[in-house]
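This report refers to the structure that appears directly beneath it.
The values are calculated or read from the model by the stated rules, or taken from the named source; none is laboratory data. Owing to the predicted nature of the structure, the values given are computational and were not obtained by experimental measurement. Here Cβ is always computed from backbone atoms with ideal geometry, including for glycine, and neighbour counts include all displayed protein chains.
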Amino acid sequence: MSTFKAPKGTYDLIPPYSAKYLAVRDAISGPLRLSGYGYVETPGFEDVDLFARGVGESTDIVTKEMYTLTTKGGANLALRPEGTASVLRAALEANLHKAGGLPVKLWYSGSYYRYERPQKGRYRHFSQVGAEAIGAEDPALDAELIILADQAYRTLGLRNFRILLNSLGDKECRPVYREALQAFLRGLDLDEETVRRAEINPLRVLDDKRPEVQKQLVGAPMLRDYLCDACKAYHEEVRALITAAGVAFEDDEKLVRGLDYYTRTTFEFVHDGLGSQSAVGGGGRYDGLSEMIGGPALPSVGWALGVDRTVLALEAEGVELDIPAATSVFAVALGEAKPVLFGLVTELRKAGVAADISYGGKGLKGAMKDANRSGARFAIVAGDRDLAEGVVQLKDMESGEQSAVALAEVVEVLRTKLA
Ligand code: ATP
Ligand code: MG
């Protein structure tokens, strides 16, 4: 223990556990990389106004959760609380929307920061893999993203997740609904903060988890009854395409999600084994966001999946990921054999075999302990006499069998045995 600990609400990823995080990131990005999405990486911080405008002044993220700082030069920055605003900013700055065909399809993976009350599945530093398809209004794009996320979770072995789907309407029909809902909410007995929320962002009140609020919401006007024909047709097409792909979903008319910028399609992936932090990922269409941050009209859709909660979901379902052993071959050098075995280990690594060697001048017993701890399938043991005969002892760590193998053939023999 040092004097220091990881800051409140954060945790370290330590081997072998950390391998799960890499596997989850790979599994989520895999389907994207096969679907025309290019990798994008943006800074860990941005101008605070990008999020204030891009995520929305009335959201929890902007009002309570952002880590903000003023630089020595006087710039107001925020650690990124989410990915979409940054990725869109980067795409606009690089003029990707003018470079060729639309949509611009991008994926990302990284750390995000929110000042939240830490609890299981809710941290102040967490990681997401996300995807954005920028500049096209096409129900097939919304469907594609939902299908790819479903595929990612299934590849990982997750089964007990559900996809919740809704449409939030567009700038034609949503304002009409917003007013009807506001009128309804004004007639309720709500606490001060909720009354304020009802004025700024009434749709978010529908999302209130408190039973005393939910009870009063019975009979509230539903957006479904206000959707314009274009939004209705669009939503029906998204639903049909997902259904045709064999991906099951549930219509959830109350799903509004935390971010202000969503239009039309919104969706959330929830896992039933996670308690109250049940959302493993979410996303939707954000047709107005580009203009909100000073860009041209670029209808877009995207999602972000939480890596931390996905790992928790895997644990909740008891899914063991198929993670290859960190080390396949471990070398134990005796006498003067170290340089030769060190060279052999280098060769094995070049040949793509995960190999390691005992360090620190240990004797046979200590070095064999290292070999055991490494989880290696094979150990190569050699001393001066073996080398004089041009061989090493190859030990199968599972069966305990041991045999001499010519030094010149070890790499090939091991490659074949491990294939
Ligand atoms: P919640 O309703 O749980 O606060 P959110 O709507 O704020 O989630 P998004 O902004 O949609 O979440 O982020 C997408 C995903 O990122 C979430 O579904 C979740 O898996 C993950 N995520 C968000 N906030 C956190 C956090 N504080 N700690 C861990 N994971 C998080
Ligand atoms: Mg949140």
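A few remarks follow.
- If you go through segment 72-87 and pick out every residue that is more than 15 Å from ligand 1 (Cβ to nearest atom) and not in a loop (DSSP other than H, G, I, E, B), you end up with 2.
- Any hit, segment 181-198, residues being within 24 Å of residue 84 (Cα to Cα) and either touching a helix residue (DSSP H, G or I) at 6+ places or on another chain (Cβ under 7 Å) or more than 16 Å from ligand 1 (Cβ to nearest atom) (or both): yes
- So residue 385, is it within 14 Å of residue 332 (Cβ to Cβ), of a type in the set (D, E, K, R) and out of contact with any Ser or Thr (no Cβ under 6 Å at 6 or more places or on another chain): no
- Number of positions in segment 335-360 that are touching a helix residue (DSSP H, G or I) at 6+ places or on another chain (Cβ under 8 Å) and either within 16 Å of ligand 2 (Cβ to nearest atom) or in a helix (DSSP H, G or I) (or both): 4
- Within segment 282-302, being buried (at least 24 other Cβ atoms within 10 Å of the Cβ) and under 19 Å from the mean Cα position of the chain (by Cα) holds for 283, 284, 285, 301, 302.
- Residue that is nearest to ligand 1 (Cβ to nearest atom), among those in segment 99-119 that are closer than 19 Å to residue 37 by Cβ and either at pLDDT below 95 or among the polar types (S, T, N, Q) (or both): 109
- Among the residues of segment 395-414, the ones that are within 12 Å of residue 381 (Cα to Cα) and of a type outside the set (S, T, N, Q) come to 7 in all.
- Strands (runs of 3 or more DSSP E) completely within segment 274-334 that count 2 or more residues being more than 16 Å from ligand 2 (Cβ to nearest atom) and either of a type in the set (Asp, Glu) or at pLDDT 95 or above (or both): 300-306, 329-333
- Hits in segment 136-147 (condition: touching a helix residue (DSSP H, G or I) at 6+ places or on another chain (Cβ under 7 Å) and surrounded by 23 or more Cβ atoms within 10 Å (Cβ to Cβ)): 142, 146
- Within segment 12-41, the set of residues being touching a helix residue (DSSP H, G or I) at 6+ places or on another chain (Cβ under 9 Å), hydroxyl-bearing (Ser, Thr, Tyr) and part of a helix (DSSP H, G or I) comprises 21, 29.
- Qualifying residue in segment 396-404 (condition: within 14 Å of residue 338 (Cβ to Cβ) and crowded, with 17+ Cβ neighbours inside 10 Å): no
- Residue match in segment 126-149 (condition: in a loop (DSSP other than H, G, I, E, B) and under 16 Å from the mean Cα position of the chain (by Cα)): no
- Residues in segment 88-120 that are within 16 Å of ligand 2 (Cβ to nearest atom) and assigned to a loop (DSSP other than H, G, I, E, B) were compared, and the one that is nearest to residue 54 (Cα to Cα) is 114.
- Residue pairs meeting the criteria (Cβ under 7 Å; at least 6 apart or on separate chains; first in the same structural domain as residue 144 (by TED's automatic domain parsing), in segment 90-113; second aromatic (Phe, Trp, Tyr)): 105/37; 106/37; 107/37; 107/39; 112/126; 113/67
- For segment 260-273, a residue qualifies if it is part of a loop (DSSP other than H, G, I, E, B) and out of contact with any Ser or Thr (no Cβ under 6 Å at 6 or more places or on another chain), and the qualifying residues are 261, 262, 272, 273.
- Options 264, 257, 285: the member that is free of Cβ contacts under 8 Å to residues at least 60 places away in the same chain and of a type in the set (D, E, K, R): 257
- Exactly one residue out of 75, 23, 85 is small (Gly, Ala, Ser), within 20 Å of residue 287 (Cα to Cα) and either buried (at least 17 other Cβ atoms within 10 Å of the Cβ) or touching a residue at least 24 places away in the same chain (Cβ under 8 Å) (or both): that is 85.
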